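The values are calculated or read from the model by the stated rules, or taken from the named source; none is laboratory data. Only a predicted model underlies this, so the values are computations on that prediction, with no experimental measurement involved. For neighbour counting, all protein chains shown are included, and Cβ atoms are generated from backbone atoms with ideal geometry for every residue, glycine included.
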Amino acid sequence: MTNSIASRIPIALSLVVCGLVLAAAPANAQTSTVSSFTIQVSGTASAVKTGLSETVMFAGPLVVNATVTTDPALGPTVALFVDGRGVAGTGNKTKTAYANTCVATLTRPFGPTDAIQTTFAFFQDTAGGYMNAKTGLLTLNLTYDTATMALTNVTASVGTM
Amino acid sequence: MHLTWRRTEIAKVVLAGLFALAPAVIADGVPTGLPPSPTFGIAKFTQPMLRFDVLPRVPVSSLNPAPTAQSNQTQQPVDPLLGGGTGPIEGRPPGPIWAHQEFTKFPPKFAVDATMEGAKVNTVYDPGVAAQFNSGVGKGTTVRPRFHPGLPDQGPLAVWTFNGTFPPKLITVRYQEPIIFREHNKLPADKNKNGAGTGPGSNFGIHSISTHEHNGHHGAENDGFTGAYFWPNQFYDYHYPVVLAGWRTINTGATDPQAATPNPNDPGKTNIPGDWHETMSTHWFHDHMFSFTSQNVYKGMAGMLNIYSAKDRGNEAINDGVNLRLPSGTAKSFGNLEYDVNIMLADKAWDTKGQLNMDIFDFDGFLGDRMTVNLFDNPFFEVEARKYRFRVLNAAVSRFFKLALSDGSPMIQIANDGNLLPHPVVLTETDEIGIAERYDLVIDFSRYTPGPNTKVWLVNLAKQTNGKRPDADLSLAQALQGDANDPVVGKFLEFRVVRKPAVADQSQVPDPLIPNPTLPVNTRTRLFEFNSGASQPTLANNQEPLVAAVPGSRAEVTAFIGPWGIETDNQGGTLDADFGRISAAPSFGTREIWTLKNGGGGWDHPIHIHFEEGIILDRNGDPNQVPPWEKGRKDVYRLRPGGSVTLTMQFRDFQGMFMEHCHNTVHEDNAMLLRWEIDNGGAPFVKKLPTPISTPQGVTFVPPDDVLPTAF
C-alpha cells in the first residue's frame, strides 16, 4: 500500500527536521550514586495486633542499599533495596523462631531526609509456616548528603500496623 | 519519481516532529496529558469484575481454508483503500522460513478462531465457571462494550478487541496439545477510521496487526514478530505447539514423570518430552505492530493464555505426587477456573463522550487516570472464604503497579512472568509490577468471616505522574488516602467475601514449586544499554532520502526515528529500532549471558526478551540484590533507575527472528526495540535471515544489510 503525500511534504519536512533534531540529541547525562548501610534493627510485633498467642521480638541486621540517579527532567530519584531477612524473630513465650520475607524494592523521591513505612510478612520458621504469615511494619528514616547524594544515616524499627 | 510513503512512516515522522510541539508536562495534576476523564457520576465498586471470556475450542477441520504449514497465498481482491489489486488471504510471510516449524511433528489438535474488530455487544460470553463464581454473572449474559454501566458503550472505532467484545479473552491450553490460533483482521480498511473523533486523543491505533503470544516457546513465525503484520480482510494462523523447552535434547524419551500433561478426561497424565523445570503457566497475547504496539494494546488488543501441565494442572484435588494442587477447582480433570482468576490491570482515559482516548504525543509514556480490571472501571469481585489464585497481568502502556491488600494481609506469590517460582514467596506488598509482567498471587480469604459487609480491597501503592517511571512507592496508609495528582493510587478492586465454600478447600501452596533448570556451559556474553538520544543510521546507509523513500525499499518500511534506543555491546552508539537490523544472533543450542543496563536519566524500563525464559544472575552486579520473587524464570526484566540486570538464557528448539524491547510500549514504539535471531540450526534457515516487508498485496523480502559486528 502506498499513500500519496505530495500535498503534505512541506509540513512533513518540517516535522522530520524537528524529529531528527530531537532524535540526534545526546543522551541525557546520568549520575548514579550507590551507597549502602547495614544497621541493627529491633522491635516487637504485639500479639494483640497479629492474633498470635505471643509477642514476637525482632532483632538483627537490616541492609539498606540506595541508588540515587539524577534525572534532568524529573529530578533525582532513589531506588532502594531493603533486605531484612537476617532479622530474627522469637516468640516471647514459646521461643518459637520466626522467619520473614522482609525484602523491599522501593522508588522514592530524593531529598535530605526520607521517612518510609513498608510492611513485610513473617511466620513461624517451620515447614509450611508461611501459610499462616502475619504482617509486620518496618519504619525507616533515611538521611542523605544532598551534595554527594549518598546515604549518611539510617535508623529503623520493627513493629505492627 | 512519484513521492510515496507508507502510512507507518508518515505517522511516525509526524509523531517525531510533534514530539517537540507536544506538552511535556501533565496538566492540572492529571497524568493523561489530556483533560481529566469525566466520571459520568459513576462510583467505585458498583459493578462486578467479569472474568475473562473463554474462547471456544473448535475442531481444526472447521477452519476454512484448512491451516497449512506454509502461509496460504491464495489470492483475493484487495480493498482500493489498501491499494487495490490482489493479495494473499493469509498475512503470514510466505515460504519455508516462515512455515510453521515442526508442523508435522506437532499437528494442531484444536483451533481457536477469533477476530480483531471494533467494539460490539457480546452475546456469547463464557466465563468458564458458573455464575456463582463470577459475581452472579453467568454464561450467555449480554455484555456491553463499556467500562461501566454508567458510561456510554465504546464505539467500534474507539475500541478494538479480540472478537470485538468485552471482557478480554482467555485461551486455555495444555502441554503437548498444539493449537492453531486463527486471527482474522476485521478492522476498517480505511486507516483513518481509528477513532470516534469525539475529542482530543480519540483517534489512535493502526489497522495492521501482529499478535505476540507472550512468551510462547515456539517458532518465530508464531511469535508476532513486529514486522510480520497482516492487514484488514486477511487472517494469520499462529501455531502454538505448547511444548516444554528442551524437548529436542532433554527427556527425549518422555520418561520423566514430572514432565507430563494432564489427560483431558480422567485424573491421569501423559509423559511428554522436555524439561519440566521449564514448565510455563500464565501467558498473555497482545498486538506487536511495529511502532503502534502501545496504541493498539491500549485500544484493547490483549488477552491471556493459561497453560496447564501435570505440575500445574488446574485441579486442586488430584494427588498424584506431581500435581502441585494450586487453587483452582475440582470439577474437571484440568483447567478449573472457579478459584483461579485472570486479572488484567490497565489504566485508561476517556473523553467527554466517554470514548477511550490516548495522548500519543508524549514519548515519555502514557498514563490513564482511571483504573480498570479486565476492562471494568474499579469493580468488585465476590469470593468465598478460601484460597484463590489470581493471575495478575500488568497490561498498561507505561504504568507500574505495586499491590497490597487494604488490611496489609499477606499474599503468596507463586509465579513470576507465568513461571512458577522455585519457592513460594509471602508478601504483604508486591514489587512494582512492570508493564507485561505477570504475578500469580494466592490470597487466602479464609481469614475473613463471610458476610454482606466483609470486604477487602486491592490497593495500588505506586504513584506515577510521568510515563518514565513511578514517582514514589507510598505506604499503605498513604495510598489508602488516595493522591490528588494520581487518581490511580489507592483501592481499585473490592473483594466481597460473601460465603464459605460449599466444598472444602483442597488446594495447597507447596514448597518447592518448580526449581530452576540446570544450566549448560555458557558460551558468550552480550551487553545491551537502554538509552535516550538514539540515532537511526539505516536511512543514511541506504542513501535514500527520508521523505522520498522508494516504495518497497528497506528504508521505507523498516527504519524509524525516535528518542529511545538500544546500544549493543558498546558499539555504534544508541540505535533506534530497525527490524531489518540484526543486533544479536546466538547459536542454536547454546546458552548466553546478557546484561541489560539502564543507560540514562532517572527512568525505568521493563525489558522484554522474546521466546526464551531467562534466569536473573545479579542486579547491579550483586546476586544478593535479586529479590526472592525474581529467583525463578522470567521474560520481563525491570531495570530500575540507574540499574542493571544480568541474566542467562538458552536458545534452542526453534529458530527465526525475535525481539528485545522495552515493554513501556511508548518507549518500544519510539524506538527502543531490536531484532535478534537464531538462524544456524539447519534448513530452511539461513545465516542472516531476510527481512519481511508486509503489504496488503503480499510480503516481500529484503536481505539483511545491517548486521552489527558482534551479532554472530
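Across segment B:363-398, what is the total count of residues that are farther than 13 Å from B:V442 by Cα and within 13 Å of chain A (Cβ to nearest Cβ)?
3
Could you tell me how many of the residues in segment B:610-628 are in contact with a Phe, Trp or Tyr (Cβ under 9 Å, 6 or more places away or on another chain), hydrophobic (A, V, I, L, M, F, W, C) and either surrounded by fewer than 23 Cβ atoms within 10 Å (Cβ to Cβ) or within 8 Å of chain A (Cβ to nearest Cβ) (or both)?
1
Which numbered condition in (1) more than 30 Å from B:P127 (Cα to Cα); (2) assigned to a loop (DSSP other than H, G, I, E, B); (3) in contact with a Gly (Cβ under 7 Å, 6 or more places away or on another chain) is the only one that B:I42 fails?
Result: B:I42 passes all but (1).
Checking the structure you have, find out if any residue of segment B:484-493 is among the acidic types (D, E), more than 22 Å from B:Q413 (Cα to Cα) and touching a residue at least 24 places away in the same chain (Cβ under 8 Å).
Yes; the residues of segment B:484-493 include at least one that is among the acidic types (D, E), more than 22 Å from B:Q413 (Cα to Cα) and touching a residue at least 24 places away in the same chain (Cβ under 8 Å).
Need a quick list: strands (runs of 3 or more DSSP E) entirely within segment B:202-281 having at least 3 residues that are buried (at least 19 other Cβ atoms within 10 Å of the Cβ) and in contact with a helix residue (DSSP H, G or I) (Cβ under 7 Å, 6 or more places away or on another chain).
B:235-240
Of the residues in segment B:598-634, how many are part of a loop (DSSP other than H, G, I, E, B) and within 13 Å of A:T105 (Cβ to Cβ)?
Residues in segment B:598-634 being part of a loop (DSSP other than H, G, I, E, B) and within 13 Å of A:T105 (Cβ to Cβ): 4 in total.
Name the residue that is surrounded by the most Cβ atoms within 10 Å (Cβ to Cβ), counting only residues in segment B:580-597 that are outside any strand (DSSP E or B) and at pLDDT 95 or above.
Taking the candidates together, the pick is B:P586.
Considering only segment B:323-421, give the strands (runs of 3 or more DSSP E) lying wholly within it that have at least 3 residues that are within 30 Å of A:K134 (Cβ to Cβ).
B:340-348, B:380-384, B:387-394, B:403-405, B:411-416
Checking B:D486 against (1) surrounded by fewer than 23 Cβ atoms within 10 Å (Cβ to Cβ); (2) in a loop (DSSP other than H, G, I, E, B); (3) at pLDDT 95 or above: exactly one of these is not met. Which one?
(1)
Scan (1) out of contact with any Leu (no Cβ under 8 Å at 6 or more places or on another chain); (2) surrounded by fewer than 21 Cβ atoms within 10 Å (Cβ to Cβ); (3) in contact (Cβ under 8 Å) with a residue 24 or more places away in the chain; (4) under 30 Å from B:N466 (Cβ atoms) for the single condition A:F37 breaks and write down its number.
(1)
Would you mind telling me which numbered condition in (1) under 26 Å from the mean Cα position of the chain (by Cα); (2) surrounded by fewer than 18 Cβ atoms within 10 Å (Cβ to Cβ); (3) under 22 Å from B:S61 (Cα atoms) B:Q75 fails?
If we test B:Q75 against (1) under 26 Å from the mean Cα position of the chain (by Cα); (2) surrounded by fewer than 18 Cβ atoms within 10 Å (Cβ to Cβ); (3) under 22 Å from B:S61 (Cα atoms), just (1) comes out false.
From the list B:G91, B:G118, B:G140, which residue is free of Cβ contacts under 8 Å to residues at least 24 places away in the same chain and under 26 Å from B:G155 (Cβ atoms)?
None of the other options fit; the residue is B:G140.
Can you pull out the residues in segment A:56-114 that are surrounded by fewer than 21 Cβ atoms within 10 Å (Cβ to Cβ) and of a type in the set (S, T, Y)?
If the condition is that a residue be surrounded by fewer than 21 Cβ atoms within 10 Å (Cβ to Cβ) and of a type in the set (S, T, Y), then A:T90, A:T94, A:T96, A:T113 are the ones that fit.
Out of the residues in segment B:598-607 meeting the condition of being in contact with an Asp or Glu (Cβ under 6 Å, 6 or more places away or on another chain) and surrounded by 24 or more Cβ atoms within 10 Å (Cβ to Cβ), tell me which one is farthest from the other protein chains (Cβ to nearest Cβ).
Among them, the one singled out is B:G601.
Among the strands (runs of 3 or more DSSP E) contained in segment A:85-161, which hold 3 or more residues that are in contact (Cβ under 8 Å) with a residue 60 or more places away in the chain and either of a type in the set (G, A, S) or within 14 Å of chain B (Cβ to nearest Cβ) (or both)?
Answer list for segment A:85-161: A:134-145, A:150-159.
Just name the residue that is nearest to the other protein chains (Cβ to nearest Cβ) out of those in segment B:453-479 that are among the charged types (D, E, K, R) and touching a residue at least 40 places away in the same chain (Cβ under 8 Å).
B:D473
Being surrounded by fewer than 23 Cβ atoms within 10 Å (Cβ to Cβ) and touching a strand residue (DSSP E or B) at 6+ places or on another chain (Cβ under 7 Å) is the requirement here; does B:D407 meet it?
Considered against the rule, which asks whether it is surrounded by fewer than 23 Cβ atoms within 10 Å (Cβ to Cβ) and touching a strand residue (DSSP E or B) at 6+ places or on another chain (Cβ under 7 Å), B:D407 comes out as yes.
Filter segment B:94-115 down to residues that are in a loop (DSSP other than H, G, I, E, B) and among the polar types (S, T, N, Q) and give me whichever is farthest from B:P156 (Cα to Cα).
Filtering segment B:94-115 for residues that are in a loop (DSSP other than H, G, I, E, B) and among the polar types (S, T, N, Q), the one farthest from B:P156 (Cα to Cα) comes out as B:T104.
Got a number for residues in segment A:25-68 being of a type in the set (S, T, Y), under 19 Å from A:T105 (Cβ atoms), at the interface with chain B (Cβ under 9 Å from one of its Cβ atoms) and out of contact with any Lys or Arg (no Cβ under 9 Å at 6 or more places or on another chain)?
2
Report whether or not B:I566 is within 14 Å of chain A (Cβ to nearest Cβ), crowded, with 23+ Cβ neighbours inside 10 Å and over 25 Å from A:C102 (Cα atoms).
yes
Looking only at segment B:263-321, count how many residues are small (G, A, S) and over 30 Å from B:A349 (Cα atoms).
Qualifying residue count for the region: 8.
Quick check, is B:F290 assigned to a loop (DSSP other than H, G, I, E, B) and over 26 Å from B:I318 (Cβ atoms)?
yes
Taking the residues in segment B:23-60 that are within 14 Å of another protein chain (Cβ to nearest Cβ) and either surrounded by fewer than 15 Cβ atoms within 10 Å (Cβ to Cβ) or at pLDDT 95 or above (or both) as candidates, determine which candidate is farthest from B:G83 (Cα to Cα).
So, considering only residues that are within 14 Å of another protein chain (Cβ to nearest Cβ) and either surrounded by fewer than 15 Cβ atoms within 10 Å (Cβ to Cβ) or at pLDDT 95 or above (or both), the one farthest from B:G83 (Cα to Cα) is B:V25.
In segment B:403-417, how many residues are among the hydroxyl-bearing types (S, T, Y) and at the interface with chain A (Cβ under 9 Å from one of its Cβ atoms)?
Qualifying residue count, segment B:403-417: 1.
Working carefully through the options B:I593, B:I615, B:I582, find the one that is in contact with a strand residue (DSSP E or B) (Cβ under 7 Å, 6 or more places away or on another chain) and within 25 Å of B:G227 (Cβ to Cβ).
B:I582
Looking only at segment B:74-96, which residues are in contact with a helix residue (DSSP H, G or I) (Cβ under 8 Å, 6 or more places away or on another chain) and more than 26 Å from B:T165 (Cα to Cα)?
B:P93
Looking only at segment B:418-452, filter to residues that are of a type in the set (G, A, S) and surrounded by fewer than 24 Cβ atoms within 10 Å (Cβ to Cβ); which one of those is nearest to the other protein chains (Cβ to nearest Cβ)?
Per the stated criteria, the residue is B:S446.
Determine whether B:E278 is of a type in the set (D, E, K, R), in contact with an Asp or Glu (Cβ under 9 Å, 6 or more places away or on another chain) and more than 27 Å from B:E90 (Cβ to Cβ).
yes
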